[in-house]
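Novice: One structure, as structure tokens, below. Some questions next.
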Amino acid sequence: MSTAPIIERCREIFEDLDFKVVRAWKDAEPGRKVMGYMPFYVPREIIHAAGMLPVGVLGGGDQLEVIHGDAYYQSYICRIPRSTIELGLTGRLDVLDGMLFPSICDVIRNLSGMWKLMFKDKYAHYFDVPQNFDDGVGGAFYIEELKILCRDFEEISGREVSDEALRRSIAVYNKNRRLVNQLYDLRIREPWKASTTDVYLILRAAMVLPVEEHSDLVREYLAAAQDEEKPMRDNCRIVLCGTFCEQPPLGLLRSIEMAGCYVVDDDFMLVTRWLLDDVPLEGDPLENLSDAYLHHSGETAAKYVPDVKTKGLHLVEAVKRSGAEGVIFASPSFCDPALLDRPMLQNVLDAHGIPYTSFKYAENSGQMQPIREQAGTFADSIKLWSAA
Amino acid sequence: MNTATTGEAVQKEDSMWKQKELINGNYARLARAHEEGRKVASTFVPGNLNELLMCFDFVRNLPEINALQNGLRKKSGAMVREAEKAGHSEDVCAYVKADLGMMMQGNIGPMGEPLPKPDILVLSYTGCFTFMKWFELVREQYQCETAMLHVPYQGDGTITPNMRDYVVKQIKEDLIPTLERVSGVKFDIDRLREYLVESAKAEDDLVWVLQSAKNKPSPIDAYFGGVYYIGPAFTAFRGTPEATDYYATLRREVAERLAAGKGPITPDGEMGEERYRLVVEGPPNWTHFREFWKMFHEEGAVVVASTYTKVGGVFDFGFRHDPTNPLESLAEYCLGCYTNLNLPTRADMLTQYVEDYQADGLLINSIKSCNSFSAGQLLLLREVEDRTGKPGAFVETDLVDPRYFSAANVKTRLESYFQMISQKRERHAA
Ligand code: SF4
Ligand code: SF4
């Protein structure tokens, strides 16, 4: 089997702004419920344990014409909330029975309240994660917040979220995370075999497909990609940073690749890889999810780093682990978390002698030429630098 | 406020002078702190724990206040540009850039005195995501100790016991031990109680002053004047007898104005006839503060209620610091600040202000820097217009980045808004 039909399917899912896959899932059995969520992280295990389908809502990309959404936002606010509102106002999100707004920034935080005002008949919940990482303090708080999710989801789905159900769901997501990590490993080993647009589209599929189905899809892709002969190019290897919320247009990813860069790590859809290890199946499942969040989760601009000495080291680690030669900071325009974090990350990279370049994008950016040129110059300079 | 009222309002000047002394005194203390062996804590305005910091004898530095003071003195523009030159994005909050730019320029405070390196950054993470990044950036420069106090957001419109417990636990188990260690002073809860008694007294008087604007004419401007009135209570002085005294004086002065049927004092003297009563949402612009205010008072527009004067506590809805429950009360204080409220609560509050203060409508001053305030304001405007039937208006400026204050645009907007209110009134009368 080749990867082409798998990627074709992912692309169809990605391009479908009407969430047809989700609708089909919901219609397949009466009483099925769907819970939407925004970046960067929600414990999808709990949604799954309530028998609901978790659906990632990532804005409208460059395909959606935003007609109403712009009337809700000033020009200096990023694009994702306005296209998300557009999706809501045009009925495309009717299939969702609720929405979760994680604590990533003030824009999404406030969007949670806008949702309550605009879509009064729908469940909308701001999901706070702790910035204190002591089990007895931040952990205790987080577990109670998780219990609120359990209670609310039981009410919406009419299904008990038992410990057993949670453990089963944790196992399913552990498996999916392992597969996604394998996909990332493959791209590190042989980036010509798993292009970044492929990886991105596969992750996008994870936003809407039932997790079991997605795991099958990743498994099939991995098997097919290993066997495929694709030419290896003389590209440089880079880590892409800053794309954790508003989505980069697919054209942007393609431009980076065409400019001579293999993306060997990134921060796309962190929810798929946020927890770094398997969540244990024995013991109390909510405590385990809490422990995973507090002590075994990734880093991004939305998460506080208590120790100044470790700030930014995750990026250095990512560079080392993936054998990258540089970092491309691609941040959405007006994205406070990404843009405020960036100078600190750049300083850490400077201290480690890792080259980088930076630019901004919007989900609906059309002009890719400047980005291609900038990425191309960066790739050339890395090659020159490593040849010297 | 200025001294334009000399002679006719001696007592008014009392409160102004008192405030000036407080502010200058604090900057002087900051400049001398290390020389005198005192420790310095930097912290943010919303949900600050001033009373707690006083228990450890910290001198308090508030970077937001430095930024706005630099804005008022027209120094912030250069600082913002300096930070941008060093690689900070033009898209992010200008308070952060003004602060970093000031550091790059040698860290001379707005009054011309040097600001000390903080011994601790107390990251009271209330109501604004940017705070976290801001102190991470400052910490990177100073490599100093940072204590994070994570205050959860009132996403569903209430303070749950879980949120309160979380904040109390952080204060008890994390913050207090850290402050003890850094300051070398042992925590004494009775000392905290004493400060909280003072806070509650000052808060009573502040609320009285702000609510005096329910009268017609209003004796105060609750936005342009209001930013001065909140100063001591929202910053380094809440909990001190001096702040309590300031509020008692202010209350007396406003009571006298009220009894005399007078309107607010403006930088250009007594305001003329009150023609428009507005509720304002959003922080003010500092770089053109007087010019901005003038566009209102010249037209007889007075702001009778504002949300900016609630960023350091929504006291008019009943919260008071409570010495009988000190730590819980600190937690509730942090959790209850305006920008920690969800949008439905903000919409309710604004609607109530328009009604209770018999305002002609809601004006939003939308600040480019501040997503915490600004994201969702256009919806708030619609909601409040719909619920009150009163027209609203929207202007856009920035806090301390002068490039985003377009006087001509703002003035035109305001003039047409005032016209709209007048026409609506005439139609109503006809
Ligand atoms: S793109 Fe950035 S600012 Fe915009 S919603 Fe996402 S995290 Fe917030
Ligand atoms: S974003 Fe707003 S609340 Fe936050 S620091 Fe800037 S001005 Fe203050």
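Novice: Calculate the mean, over all residues of peptide B:364-376, of how many other protein chain Cβ atoms lie within 10 angstrom of the residue's Cβ.
Specialist: Taking all residues of B:364-376 together, the mean is 6.
Novice: Using amide H atoms built in the peptide plane, which far-off residues or other-chain residues are under 5 Å from residue A:36 H to H?
Specialist: When sequence neighbours closer than 5 places are left aside, the close amide H contacts are A:55, A:97, A:98, A:99, A:100.
Novice: Working from Cα positions, state the angle (0 to 90°, nearest 10) between the long axis of helix A:285-295 and the longest principal axis of chain A.
Specialist: 30 degrees
Novice: Apply the Debye scattering formula to the protein assembly as shown, with a single equal point scatterer on each alpha-carbon and no solvent, then give log10 I(q)/I(0) at q = 0.06 Å⁻¹.
Specialist: -0.39
Novice: Okay, next question. Write down the Kirkwood hydrodynamic radius of region B:2-174, to one decimal in angstroms, obtained as one divided by the mean of 1/r over all alpha carbon pairs.
Specialist: On the way: mean 1/r = 0.0565 Å⁻¹.
It works out to 17.7 Å.
Novice: Treat every Asp and Glu Cβ in region B:314-405 as -1 and every Lys and Arg Cβ as +1, leave all other atoms uncharged, and give the resulting dipole magnitude about the Cα centre to the nearest 20 debye. Don't skip to the answer; put the middle values down first.
Specialist: Working: 7 positive and 14 negative charges, 52 e Å.
Computed charge dipole of region B:314-405: roughly 240 debye.
Novice: Counting other Cβ atoms within 10 Å of each Cβ, which trypsin sites (Lys or Arg not before Pro) in region B:178-269 have at most 16 and sit in a DSSP loop?
Specialist: B:186
Novice: Something else about it: So if I place +1 on the C-beta of Lys and Arg and -1 on the C-beta of Asp and Glu, and nothing else carries charge, what would the dipole magnitude of the protein assembly as shown be about its Cα centre? I want it in debye, nearest 20.
Specialist: Values: 91 positive and 119 negative charges, 273 e Å.
For the protein assembly as shown, the charge dipole is close to 1320 debye.
Novice: Among all stretches of chain A without exposed trypsin sites (Lys or Arg not before Pro) (DSSP loop, at most 14 other Cβ atoms within 10 Å), which one is longest? Intermediate values should be presented prior to the final figure.
Specialist: Values: sites that count: A:120, A:233.
It runs A:234-388.
Novice: Further, regarding this structure: Compute the whole-percent fraction of alpha carbon pairs in chain B spaced more than 32 Å apart.
Specialist: Cα-Cα pairs in chain B separated by more than 32 Å: 34 percent.
Novice: Are there trypsin sites (Lys or Arg not before Pro) in region B:21-102 that DSSP marks as loop and that have at most 14 other Cβ atoms within 10 Å, and which are they?
Specialist: B:73, B:74
Novice: Restricting the count to DSSP beta bridges whose residues both fall in the protein assembly as shown, what percent are antiparallel, rounded to a multiple of 5? Intermediate results must be reported in sequence, preceding the final value.
Specialist: Details: 4 of 58 bridges.
Expressed as a percentage, antiparallel bridges in the protein assembly as shown total about 5.
Novice: Please check: in the Gaussian network model of chain A (C-alpha springs, under 10 Å), which one of A:332, A:30, A:210 has the largest mean-square fluctuation.
Specialist: Most flexible of the set in this elastic network: A:30.
Novice: Could you work out the mean projected area of the convex hull around the alpha carbons of region B:173-288, in square nanometres to one decimal?
Specialist: On the way: hull surface 39.4 nm².
Its average projected convex-hull area is 9.9 nm².
Novice: Could I ask something else about it? Per DSSP helix of 4 or more residues, -39500 (n - 2.57); summed, then divided by the residues of the protein assembly as shown. What does that give at 222 nm, rounded to the nearest 500? Don't skip to the answer; put the middle values down first.
Specialist: Numbers: 31 runs with 402 residues, N = 818.
-15500 deg cm²/dmol, from helical runs alone.
Novice: Mind pulling the angle between the C-alpha long axis of helix A:196-208 and the longest principal axis of chain A? Nearest 10 degrees, somewhere in 0 to 90.
Specialist: Once rounded, the angle reads 0 degrees.
Novice: Let me ask something additional. Pick from B:61, B:285, B:107: which is most flexible by mean-square fluctuation in a GNM of chain B where alpha carbon atoms under 10 Å apart are linked?
Specialist: The residue with the greatest mean-square fluctuation here is B:107.
Novice: In terms of modelled amide H atoms, which long-range or inter-chain residues lie less than 5 Å from the amide H of residue B:124?
Specialist: B:44, B:149
Novice: Using only the Cα atoms of region A:171-234, what do you get for the radius of gyration and for Dmax, in Å?
Specialist: Looking at region A:171-234, its Cα Rg and Dmax stand at 11.7, 40 Å.
Novice: Sticking with this one: In region B:139-181, which residues give up 40 Å² or more of accessible area once the other protein chains are added, compared with their chain alone (1.4 Å probe)?
Specialist: Residues shielded by partner chains are B:139, B:140, B:148, B:150, B:153, B:156, B:162, B:166, B:169.
Novice: Structure shown: which of B:97/B:169; A:120/B:310; A:193/A:320; B:117/B:368; A:33/A:147; A:311/B:186 lie over 24 Å apart, alpha-carbon to alpha-carbon? It would help to have the intermediate numbers written out before the result.
Specialist: Details: B:97/B:169 33 Å; A:120/B:310 27 Å; A:193/A:320 20 Å; B:117/B:368 29 Å; A:33/A:147 19 Å; A:311/B:186 31 Å.
Beyond 24 Å: B:97/B:169; A:120/B:310; B:117/B:368; A:311/B:186.
Novice: Over chain B, with every protein chain in place, what whole percent of the accessible area is carbon and sulfur at 1.4 Å, could you tell me?
Specialist: Accessible surface attributable to carbon and sulfur in chain B totals 49 percent.
Novice: Let me ask you something else. State the antiparallel share, in %, of DSSP beta bridges confined to chain A, rounding to the nearest 5.
Specialist: Working: 1 of 27 bridges.
That works out to approximately 5 percent antiparallel.
Novice: I would also like to ask the following. Using the alpha-carbon centroid of each, what span in Å lies between region A:22-58 and region A:84-131?
Specialist: Here the answer is 14 Å between Cα centres.
Novice: Continuing with the same structure: Counting only Cα, what are the radius of gyration and maximum Cα-Cα distance Dmax of chain A, in Å?
Specialist: 20.2, 65
Novice: Oh, and also: Along the charge dipole of chain A, Cβ charges K/R +1 and D/E -1, which of A:7, A:40, A:171 sits furthest on the positive end?
Specialist: A:7
Novice: On to the next question. Who wins for biggest fluctuation among A:31, A:376, A:61 in a Gaussian network model of chain A, springs between alpha carbons below 10 Å?
Specialist: Fluctuation is largest for A:31.
Novice: If you don't mind, another one. Residue by residue, what Karplus-based ³J(HN,Hα) values in Hz, rounded to whole numbers, does region A:341-350 have, using 6.51, -1.76 and 1.60 with θ = phi - 60° and x for Gly and Pro?
Specialist: 6, 3, x, 5, 5, 4, 4, 5, 5, 4
Novice: Within the set B:74/B:201; A:309/A:360; B:133/B:172; A:360/B:294, which residue pairs have Cα atoms separated by over 32 Å? Don't skip to the end; give the middle numbers.
Specialist: On the way: B:74/B:201 35 Å; A:309/A:360 27 Å; B:133/B:172 24 Å; A:360/B:294 38 Å.
Cα-Cα > 32 Å for B:74/B:201; A:360/B:294; rest within.
Novice: Which one of B:49, B:264, B:231 is farthest out on the positive end of the charge dipole of chain B, using unit charges on Cβ (Lys, Arg +1; Asp, Glu -1) and the Cα centre as origin?
Specialist: Farthest towards the positive pole: B:264.
Novice: Please list, by residue number, every one of the chymotrypsin sites (Phe, Trp or Tyr not before Pro) in region B:100-185 that is coil in DSSP and has at most 10 other beta-carbon atoms within 10 Å. Working shown, then result.
Specialist: Numbers: sites: B:125, B:129, B:131, B:134, B:135, B:142, B:153, B:166; in loops: B:129, B:153.
Nothing satisfies the criteria.
Novice: Ok, one more. Quick one: what are the phi-derived ³J(HN,Hα) couplings along region A:254-264, Karplus 6.51/-1.76/1.60 with θ = phi - 60°, whole Hz, x for glycine and proline?
Specialist: Result, ordered by residue: 4, 4, 5, 5, 5, 6, x, 10, 8, 7, 10 Hz.
The values are calculated or read from the model by the stated rules, or taken from the named source; none is laboratory data. Here the structure is a predicted model, which is why all the values come from computation and not from measurement. Glycine gets a Cβ as well: all are built from the backbone with ideal geometry, and neighbour counts include every protein chain shown. Quick note on the areas: whole protein, heavy atoms, side chains included, nothing else; ligands and nucleic acids left out. Shrake-Rupley method; radii C 1.70, N 1.55, O 1.52, S 1.80 Å.
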